[in-house]
Amino acid sequence: MITTILLLSVLPLALGQGTQFQPKLGYFPATGDDTIAGGIFCISLNDLPKYTADVPAGATGTESPKGTGAVTSGSGPYPAGMMTDSSLPKHTIYAPKAPPSGNVSMPFLTWGNGACMTDGSQYRNFLTEIASHGYVIAANGPPTGSTGAQSKVQDSRDSIDWAVKGGANKYGNVDTSKIASAGHSCGGLEAMSVAYHDARVKLMMLFNIAVFMDEKRYLLQELKAPVAWFVGGPKDMGYKNAIKDYALLPIGLPAYMASLDTGHGGTFFATNGGKAGKAAVAYLQWQFRGNGTAKEICLDAKKQGSLISDKWNVTYKNWE
Ligand SMILES: *[C@@H]1O[C@H](CO)[C@@H](O)[C@H](O)[C@H]1NC(C)=O
Ligand SMILES: *[C@@H]1O[C@H](CO)[C@@H](O)[C@H](O)[C@H]1NC(C)=O
Ligand SMILES: *[C@@H]1O[C@H](CO)[C@@H](O)[C@H](O)[C@H]1NC(C)=O
């Protein structure tokens, strides 16, 4: 009896900042935060080999880019760039270089990097492409290169708080009723964890990742915003898990899944983010701007330039 009490009181001290989230059927913590990077939907770095033995992170596919692409201002109508902003110092901003004329309203995205690294410049090609279509994005971490440090769910929440308080308005007319959380790999789980129990997040976009632990999948029942997965086929650690998560979403929740043979790495570093850049823009334009052409590109195999014609496998449910 005494030993139990001792153990319970010593454990949080040993871990430094409280205990790691322990899944228990029917137990739903108030927020998605955790002592580990990526939040309650993630696993600790130490556990990664156990879950990825058959899907090594470095595996590539027929659609993997051959090298790093050029830095551009994006292919959209509003040439965009990468910036820092002293009012959100632990982040990197991607936005049109000048506010779009005609006061075009822009949705807002929070972005989590692969491995939850705090280098906000890592996904520059991909995020600049999205921004050039009239989006403002705050990626976790300043654009200072990788230090090995990892972001936390709170970093993504800080971006949302900042935008909701008007912090992003200097980039143009930002519509904070249209907020998406998105990210790659660990950053994708971070995006799920920040969306969990936060009604401000209206869309989740999860790249090459899904919940690793079967024991944590019951948490999916608390998701309220539509979920989109962009995964890399059977060689991607996100692929099998995304199929499992897709099946376990709350009944009626809209979901989308596109899979391209790239393995875990996607196409982010290609010029304009490659096919992942095009897919992300089409999905966002459909969802946030009601663009019918973009919707057809996402869903319709017969549409010229569709994602299916780009060799994505596409599955979806609960959309009209
Ligand atoms: C831009 O649109 C927003 C929201 O519709 C509005 O509040 C703002 O006054 C507009 N600004 C200009 C310069 O028209
Ligand atoms: C696409 O679907 C086919 C048929 O299920 C499957 O064999 C293939 O691995 C899938 N490719 C990707 C990239 O998901
Ligand atoms: C709708 O999306 C398509 C494809 O991305 C794009 O070419 C077109 O300009 C968009 N239309 C509007 C009104 O934004």
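Only the coordinates and a few stated rules stand behind these numbers; no lab work does. These numbers come from a predicted model, not from an experiment. We place every Cβ from the backbone using ideal geometry, glycine too, and count neighbours over all the protein chains shown.
Normalising the Debye intensity of region 6-147 to I(0), with uniform scatterers on Cα atoms only, and taking log10 at q = 0.15 Å⁻¹ returns -0.95. Annotation: aspartates and glutamates with alpha-carbon distance below 18 angstrom to LYS244 (same-chain offsets under eight excluded): ASP54, ASP214, GLU215, GLU222, ASP236. Taking the Cα atoms of the chain, the ratio Rg/Rh between the radius of gyration and the Kirkwood radius comes to 0.97.
Absence of a disulfide-compatible partner, taken as no other cysteine beta carbon within less than 4.7 angstrom, is noted in the chain for CYS42, CYS298. For the chain, the longest principal axis of the Cα atoms and the long axis of helix 153-164 meet at an angle of about 40 degrees. Entry note, the chain: relative contact order of 19 percent, from Cα contacts under 8 Å with a spacing of 6+ residues. Using Cα-only point scatterers and the Debye equation, what is log10 of I(q)/I(0) for region 21-104 at each q in 0.17, 0.21, 0.27 Å⁻¹, rounded to two decimals? Here the Debye-derived log intensity ratios amount to -1.00, -1.02, -1.25. With 30 Å as the limit on Cα-Cα distance, the pairs of LYS165/LYS317; LYS152/LYS303; LYS24/LYS317; LYS165/LYS240; LYS50/LYS295 that go past it are LYS165/LYS317; LYS152/LYS303; LYS165/LYS240; LYS50/LYS295.
Taking every eigenvalue of the Cα gyration tensor of region 231-279, multiplying by 5 and rooting it, what semi-axes result, largest first, whole Å? Could you put the intermediate results ahead of the total?
On the way: eigenvalues 107, 36, 7 Å².
That gives 23, 13, 6 Å for the three semi-axes.
Per-residue Karplus couplings for region 181-189, computed as 6.51 cos²θ - 1.76 cosθ + 1.60 with θ equal to phi - 60°, are listed in order as 10, 9, x, 10, 6, 3, x, x, 5 Hz, Gly and Pro entered as x. Remark on region 143-247: hydrodynamic radius 14.7 angstrom, per the Kirkwood mean of 1/r across alpha carbon pairs. Per-residue Karplus couplings for region 116-132, computed as 6.51 cos²θ - 1.76 cosθ + 1.60 with θ equal to phi - 60°, are listed in order as 6, 5, 9, 10, x, 8, 4, 9, 3, 4, 5, 6, 5, 4, 4, 4, 5 Hz, Gly and Pro entered as x. Amide H contacts for GLY238 (H built 1.01 Å from N in the peptide plane; partners 5 or more residues away or on another chain; cut-off under 5 Å): GLY232.
Averaging the sequence gap over all C-alpha pairs within less than 8 Å and six or more residues apart, then dividing by the number of residues, gives region 80-219 a relative contact order of 27 percent. Across TYR27, TYR246, TYR123, mean-square fluctuation computed from a Gaussian network of the chain (C-alpha pairs under 10 Å connected) peaks at TYR27.
Got the relative contact order for region 186-265 handy, in percent, Cα pairs under 8 Å and 6 or more residues apart? Write out the running numbers ahead of the final one.
Numbers: 152 pairs, mean separation 25.1, N = 80.
Relative CO of region 186-265 lands at 31 percent.
Once every Cα of region 276-320 carries one equal point scatterer and solvent is ignored, give the base-10 log of I(q)/I(0) from the Debye formula at q = 0.18, 0.25, 0.30, 0.31 Å⁻¹, two decimals. The computed values of log10 I(q)/I(0) come out as -0.45, -0.88, -1.20, -1.25. Annotation: aspartates and glutamates with alpha-carbon distance below 13 angstrom to LYS302 (same-chain offsets under eight excluded): ASP310. A full extension of the chain between ASP214 and LEU48 corresponds to an added length of 58.4 nm, given 0.36 nm per residue minus the alpha carbon distance.
Charge dipole of region 115-174 (Cα centre as origin; +1 on each Lys and Arg Cβ, -1 on each Asp and Glu Cβ, all else neutral): 100 debye, rounded to the nearest 20.
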